Structure formats: C-alpha cells, structure tokens
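Just below is one structure, and these are the notes that go with it.
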Amino acid sequence: MHIEEFLRNVTATPGLTGSEMAVAEYIASAFRPYADEVKIDRLNNVVAHIKGDGPKVVFCAHLDEIGLMVVKIEDDGSLRMGNVGGVDPRILPGMRLTIYGREPLLGIVGAKAPHLQTEEESQKNYKREDLHIDLGLPVERVRELVQVGDLVMLEARFTKLQNGHVATKTADDRACVAMLLKAMQLLQGMRHKADLYFVATCQEEIGSYGAAMSGFNIEPDYAVALDVCHGTTPGAPPLSTHKLGALEASMGPFIHPVVRAKLMDVAKAHNIEVQTAVVPGRTSTDADDINIQRGGIPTILLELPLKYMHTTVEMLDMHTLEEGARLLSHFAAAVDASWEEELWT
C-alpha cells in the first residue's frame, strides 16, 4: 500500500483512547504483508514481529487519538461534551463530528451566536461548557440513538497542500505509525540480524500505558519511540519548535546516549538529515514509560515535526515522513550484538 493512501485511511478510522479496536484492526491488516506475525493484544496494541537472531528491538508509535465524549443530553436534544485526551475547545465551533451511538451520527458544534452574546461573553474564548453538538433530531430520537458515554470523533479531512505537505486530523501519532509501515516495507529488501518488533501502541494520550505494556511483554534490548513535535509556527517559541523538513532526535535524561549516537551514525552514513532537540526532563511520549520497564530498556526518541498539534489540520511534510522511515529501516539493519558491550563504556 502506498504510504499516503495508508495515512489518508488510517487518520479517518475511529480510534479514541481506550476504544481503539477499529483502527487497530486496520493497522494490523496493513502490517501483515510485511511481518512474520502480527497480533492485537487485549488492550489494542498492534504488535508486528519480523524475526531475527540478534538483539530484540522495539519501534513504537501510538495509534490512539484525542476526541470527545457525550456527558449530557439537553432537553432540546443537544449534546454536551467531555474531553478524551485533550481537545482545545477553541477549535470546535463550526466543526462536524461523528457521534458513535447506536449508529454513527453526523453532528455539528454550535454555540450562542455573537449577536446574542453579552459584551462580557464576546470578550472571552469559548469553553467546552459553552458549546453543544446538534444532530438536527428531536430529543426523543436523540435519546433512542445516543447515551451518556458515547464517543465523539473529530472531523476527518485529508488535505493535500503544496510542496509535499498534507494536513489531517490524527497525524499525532498515526503519521508515525505510517512511518513504521514504510520502514517495514523497506526492510523487505534489506538484511538484518536484529529481532524486530513494530508496535502501534494504545492509550498514549492518557499516559503511554500501551508502551509500558508492550515494553514489559516484549522485554527488548533497545527501543525507539516515535511521536510528533511542534513545527515552526509564527509566534511560537523558537526553542520549542522545529522545521518540518527533517526528523528530530531528542537528547535528555530519558534518552540513552550510546543508542542515540548509533542512530546518528546511521543517519550520517545514509545522508539523512536529523535535527536535535533538548528535553531536560520527561518527554511526555512513549519513551518515558518503555524506558523503565523490566530491568530498564535503553530507549531513544524520534519526533516528526508538525504544525497545529491537536487540531483537525495537523500539517506535516511527507518527505520527512519518508526519510524517517528510511532512517528506521537502516537503523534496524545496523543493530548488532556487539552494541551491548558499548552501552556502559
């Protein structure tokens, strides 16, 4: 499957944190042609195994997405929303949503019109409690189809822009899942000694629990966590952002320096540009939790820059995604048993 087609489809497939079944099945089906074994575990991590006789290596990127949940049905049939994973309410007015009740339902996010707002209200940003979902149905029908606790997915749009850029919801972090798939495809024509696991992890948006489970179960010798970081954006702090044209490799206390050095050697050998980010504490990614499983797993973090994170128009550079996959495949082919002696010297 072409990687852009996969990205278009996977970002449109529902998979809110804790309810990732549909997207897990889709990813598993895409992984199967390129792995010796693919399974979905009890909490919807997708684990693809490409067998080898060398060190065990995990590459992981999370498959879950942020979204909303129905918390109240008003007397007029409108729905009030709760958060699943961190949706900024300022992006919601005017958005189309899919409510997963007894059947999928299309709704729109409405708010009090500006003409009806008080002067004080017009000076403030919307809060989630100011907004509602309108299905265009009478309350009796709404109560038949929807109940409190039903999940709500943000609008799925895939927009191709100029210069190889695309904008979509859920690029965080399914763009990195696409990178895993592309790396697996590239490995079909390469030799490797390592025993490779490509894992699409669940429940990252509420605490990287899928990465912790996978790290514990697989017990790899090394791990590479993949996530997104903030792309250069007007008005954003320059030290917190990175250009969209190159992957970024973090440095910090949660990042193993020897394994990172190995990665950078591979990047240099294959003429792959990699930026550096300094993360002096927790990275707030899967790297933090896979790193401390069992007796400790030497872990590194690669991040794909994107703009407008946690919106429906997360923008990324497809060339950077492809180069990231090339880096992962060459790194996987380079892993050797001799690395163990270098970790502590």
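The values are calculated or read from the model by the stated rules, or taken from the named source; none is laboratory data. None of these values were measured; they are calculated from a predicted model. Reconstructed Cβ throughout: ideal geometry from the backbone, glycine too, with neighbour counts over all protein chains shown. Only protein heavy atoms, including side chains, enter the accessible area calculation; ligands, DNA and RNA are left aside. Shrake-Rupley method; radii C 1.70, N 1.55, O 1.52, S 1.80 Å.
For the chain, find the longest principal axis of its Cα atoms and tell me its angle to the long axis of helix 3-12, 0 to 90°, nearest 10.
40 degrees
Leaving out ligands, DNA and RNA, and with a 1.4 Å probe, what % of the accessible surface on the chain is carbon or sulfur?
Ligands and nucleic acids excluded, carbon and sulfur give 51 percent.
With θ taken as phi - 60° and the coefficients 6.51, -1.76 and 1.60, list the Karplus ³J(HN,Hα) couplings across the range 123-128 in order, rounded to whole Hz; mark glycine and proline as x.
8, 10, 6, 5, 9, 4
Within 10 Å, count the other beta carbons around each residue, average over each peptide in 137-143, 201-207, 64-70, and list them highest first.
Those peptides, ordered most packed to least, come out 64-70, 201-207, 137-143.
Could you state the angle between the C-alpha long axis of helix 257-269 and the longest principal axis of the C-alpha atoms of the chain, as a value from 0 to 90 degrees rounded to the nearest 10?
80 degrees
Using the beta-carbon distance between LYS112 and ASN163 and R0 = 41 Å, what value does 1/(1 + (r/R0)^6) give for FRET efficiency, to the nearest 0.05?
0.55
Over the chain, with the other protein chains present, what is the accessible area per residue in square angstrom, probe 1.4 angstrom?
About 45 Å² of surface per residue is accessible.
In units of 2.2 N^0.38 Å, what is the alpha-carbon radius of gyration of the range 6-58?
1.24
Are there any trypsin sites (Lys or Arg not before Pro) in the range 1-106 that are in a DSSP loop and have at most 16 other Cβ atoms within 10 Å? List them by number.
ARG42, LYS51, ARG102
Among the lysines, select those whose C-alpha is under 27 Å from the C-alpha of LYS112, and discard any that sit fewer than 8 residues away in the same chain.
Cross-link targets: LYS72, LYS124, LYS127, LYS169.
What is the angle, in °, between the Cα long axis of helix 171-187 and the longest principal axis of the Cα atoms in the chain? Nearest 10 is fine, range 0 to 90.
So the inclination is approximately 30 degrees.
Averaging sequence separations of C-alpha pairs under 8 Å and six or more residues apart, then dividing by the length of the chain, give the relative contact order as a whole percent.
23 percent
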